[in-house]
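Nothing in this text is a laboratory measurement; each read-out follows from the coordinates by a stated rule. Quick caveat, the model's predicted, so the values are computed rather than measured. Using ideal geometry, Cβ is built from the backbone for each residue, glycine included, and neighbour counts are taken over all protein chains shown.
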Amino acid sequence: MSTATLHPAAGISLSERLPSRWIISRRQDLIWFIGSALIGYLALGLMALGVGAALIQFIWFFGVDGPHVQSTITRTYFDKAERARLGWYLWIPVPFILLGPAMVWAGLTSLFFLFAVCWQQFHIVKQHFGFMMLYKAKNKDRDRTDFLLDRWLLLSSLLIPLGMFVLRTRPLLTQTVPLLSWLPPVSLGLYAALGAAWLFRQSQKLRSRGPMNWPKLGLLITVIPLQWLALLNASHYGPGGILRAGITLGLFHSFQYHRLMWFHNRNRYTEPGALQRHGLAARLVSNVGVYIVIAVGLNLVLNFIPSALLPYQFAQATVWGLAFTHYCMDARIWRVRSDKGLAAALRMT
C-alpha cells in the first residue's frame with residue numbers, strides 16, 4: 001500500500017475515503033455474520049445462570065447446528081454440476097461414518113471424541129478466517145503487513161484458548177510430556193506481543209487517516225472475546241465442558257453459515273438456465289422456506305433417528321461422520337479464488 005493511500009486529502013471523511021463494502025449488505029452482515037455472536041454470548045450467560053446445558057444443546061443441535069451441517073448437501077449432492085466436479089469425493093461419508101464406531105469398539109472412545117471436538121473447533125476457526133478474507137477482498141484490504149497481523153491474530157486468538165482447554169482438562173498430557181507445561185505461558189507471552197502490534201497498527205492507521213476495514217474489524221472484535229470466554233469457562237467443567245464451548249461457539253458459526261448458504265443458493269439457483277445446469281438444487285433450494293425444511297428434515301433423518309435407534313456412544317460416533325464430511329466438503333466448495341461460479345454467487349466479481 002502506497003504512502004499516498006495512507007495519507008488521503010485533508011477534509012475528506014473516513015466513510016468518503018473508503019466506504020465499507022459488505023458481503024450482502026450492512027444490515028444483513030451486522031445481523032448474521034457479526035451480530036449473531038450475541039446468541040453465543042446469550043447461551044453462555046444462560047448456562048452461567050444455571051439454565052441446563054442439555055436444553056440449550058437440544059435446541060442448538062437439532063434446530064441450528066445439525067441443519068447447518070446437512071445444508072451442505074443442498075449445494076453438493078443436490079447440485080448436478082457440483083456432483084460432476086466433485087466425483088469420487090462424494091463417497092467420503094462412508095469411511096467417516098465407520099471411523100467413530102470402529103474407535104468406540106476398539107476402546108478409544110475418549111480419544112475419538114477429543115479428536116472430533118478439536119476438528120470441529122478447527123473448522124470453526126477456518127470459517128471465521130474465510131469471512132475475514134471475504135471482507136478483505138471486498139474492501140481491497142491488500143496491505144501485506146495488515147494481512148499477516150490479521151491472520152496470526154485471528155488464528156492464535158482462536159487456537160490458543162483451545163490448546164489451553166485441552167491442557168487444563170487433560171493433565172495426563174503434561175504429566176507425560178512435562179515440556180507441555182511451558183506451552184501456555186510462552187503462547188500467552190507471544191500472543192500479548194502480537195495483540196499489541198495489531199492494536200498499534202490500527203491506531204497508526206487511524207492517526208494517519210488511513211483506510212479502515214470496518215466489517216473485518218467488527219468480525220474480529222466480536223469473535224475473539226467469545227472464543228476466549230467460551231473455552232476458559234468450559235475448562236472449569238473438565239473434559240465434558242467442551243459441550244458448553246461447542247454450543248456457545250457453534251451457535252454463532254451455524255447462523256453465519258446458514259445465511260451465507262442461503263445467499264449463495266438464492267443467487268446461484270435463480271439465474272437463467274440454473275435448472276438445466278444444477279438440476280435438483282435449483283428446483284428445491286432457491287426458496288428460503290424450502291431450504292429450511294430440507295435442512296431440518298435431513299438432520300432429522302440423518303442425525304436424530306440414528307441417535308434414537310443406536311446405542312448412545314455408537315450413535316454419537318456415527319453421526320460425527322456426517323460432521324467430518326461437512327468439514328471436508330466445505331474445504332472443497334468454498335474456494336472463491338478458483339471457482340468463478342462461486343465468486344459470482346457471492347457477488348465477489
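Please indicate, with yes or no, whether at least one residue in the stretch 310-329 is assigned to a helix (DSSP H, G or I), farther than 21 Å from HIS123 by Cα and in contact (Cβ under 8 Å) with a residue 12 or more places away in the chain. Explain how you work it out, then say what you get.
So the first thing to find is which residues in the stretch 310-329 are assigned to a helix (DSSP H, G or I), and the list is 312-329.
Filter again for farther than 21 Å from HIS123 by Cα, leaving 312-315.
Applying the additional criterion that residues be in contact (Cβ under 8 Å) with a residue 12 or more places away in the chain yields 313-314.
Yes, because at least one residue in the stretch 310-329 is assigned to a helix (DSSP H, G or I), farther than 21 Å from HIS123 by Cα and in contact (Cβ under 8 Å) with a residue 12 or more places away in the chain.
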Residues that are touching a residue at least 60 places away in the same chain (Cβ under 8 Å) and surrounded by fewer than 18 Cβ atoms within 10 Å (Cβ to Cβ), drawn from the stretch 59-83: PHE62, GLY63, LYS80, ALA81
Residues located in the stretch 174-193, provided they are in contact with a helix residue (DSSP H, G or I) (Cβ under 6 Å, 6 or more places away or on another chain) and either more than 17 Å from LEU232 (Cβ to Cβ) or hydroxyl-bearing (Ser, Thr, Tyr) (or both): THR174, LEU180, SER181, SER187, TYR191
The stretch 267-304: number of residues that are closer than 30 Å to ALA315 by Cα and not hydrophobic (A, V, I, L, M, F, W, C): 5
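Yes or no, residue by residue, for (1) free of Cβ contacts under 8 Å to residues at least 24 places away in the same chain; (2) more than 16 Å from THR248 (Cα to Cα); (3) in contact with a Lys or Arg (Cβ under 8 Å, 6 or more places away or on another chain); (4) surrounded by 19 or more Cβ atoms within 10 Å (Cβ to Cβ):
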{"site": "PHE33", "(1), (2), (3), (4)": "no, no, yes, yes"}
{"site": "ILE39", "(1), (2), (3), (4)": "no, no, no, no"}
{"site": "ALA48", "(1), (2), (3), (4)": "no, no, no, no"}
{"site": "GLN57", "(1), (2), (3), (4)": "no, no, no, no"}
{"site": "ARG85", "(1), (2), (3), (4)": "yes, yes, no, no"}
{"site": "LEU98", "(1), (2), (3), (4)": "no, yes, no, no"}
Failed item, numbered, when SER157 is tested on (1) hydroxyl-bearing (Ser, Thr, Tyr); (2) over 30 Å from ARG347 (Cα atoms); (3) touching a helix residue (DSSP H, G or I) at 6+ places or on another chain (Cβ under 8 Å): (2)
Where a residue in the stretch 334-349 is within 18 Å of TRP22 (Cβ to Cβ) and its partner, wherever it lies, is surrounded by 14 or more Cβ atoms within 10 Å (Cβ to Cβ) and polar (S, T, N, Q), with Cβ under 7 Å and at least six apart: ALA345/ASN267; ARG347/ASN267
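Each row is one residue, and each column tells you yes or no for (1) touching a helix residue (DSSP H, G or I) at 6+ places or on another chain (Cβ under 9 Å); (2) not basic (Lys, Arg).
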{"position": "ARG244", "(1), (2)": "yes, no"}
{"position": "PHE252", "(1), (2)": "yes, yes"}
{"position": "PHE255", "(1), (2)": "yes, yes"}
{"position": "ARG259", "(1), (2)": "yes, no"}
{"position": "HIS264", "(1), (2)": "yes, yes"}
{"position": "PRO272", "(1), (2)": "no, yes"}
{"position": "ARG277", "(1), (2)": "yes, no"}
{"position": "ALA282", "(1), (2)": "yes, yes"}
